[in-house]
Amino acid sequence: MNTKLHENAMKAAEKYIELTGMTIIDKLDDILVYKDEGDIAFGKVRVTRETMSNDVAYDYRMSRDEFEEVITKVLYDNPDVIDGTLRFDMIELFVVHDNRAIVRHHINAGFKED
């Protein structure tokens, strides 16, 4: 992935999370960890210029093993903030112009079939 595009997508996703009233706890490569009321959400960020197809977003989901690996790291690094239901989200940004994107937030996106 284009590094500049990835950096901009992560910044845009962080801004989206903050503007919607959620609190960012941690950041890992392409995953944002945030508190959303009583939930701790792990949002995998994906950016595309190609399509907003549901098939593309759902093919990009994590496997259960990948998700558990991320959870383990976050729990180890932040033992005092994890006190809610854990969920996995997808945050997809579809770039429509150099400084504009459409955000699609899939709450409880589920996992890839292994």
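Counting neighbouring beta carbons within 10 Å and listing from fewest to most, the residues Lys4, Lys73, Lys15, Lys35 come out as Lys4, Lys15, Lys73, Lys35.
Residue order for Ile71, Ile107, Ile17, fewest other beta carbons within 10 angstrom first, comes to Ile107, Ile71, Ile17. Placing +1 on each Lys and Arg Cβ and -1 on each Asp and Glu Cβ, with no other charges, gives segment 3-106 a dipole about its Cα centre of roughly 440 debye.
Take the convex hull of the alpha carbons in segment 3-106; its mean projected area over all directions comes to 6.6 nm².
Across the options Val47, His97, Ile17, the greatest Cα extent toward the positive end of the charge dipole of segment 3-106 (unit charges at beta carbon of Lys, Arg, Asp, Glu) belongs to His97.
The numbers here are math on the coordinates, done by the rules we state, and not lab data. The structure presented is a predicted model; accordingly, all values stated were derived computationally and were not measured. Here Cβ is always computed from backbone atoms with ideal geometry, including for glycine, and neighbour counts include all displayed protein chains.
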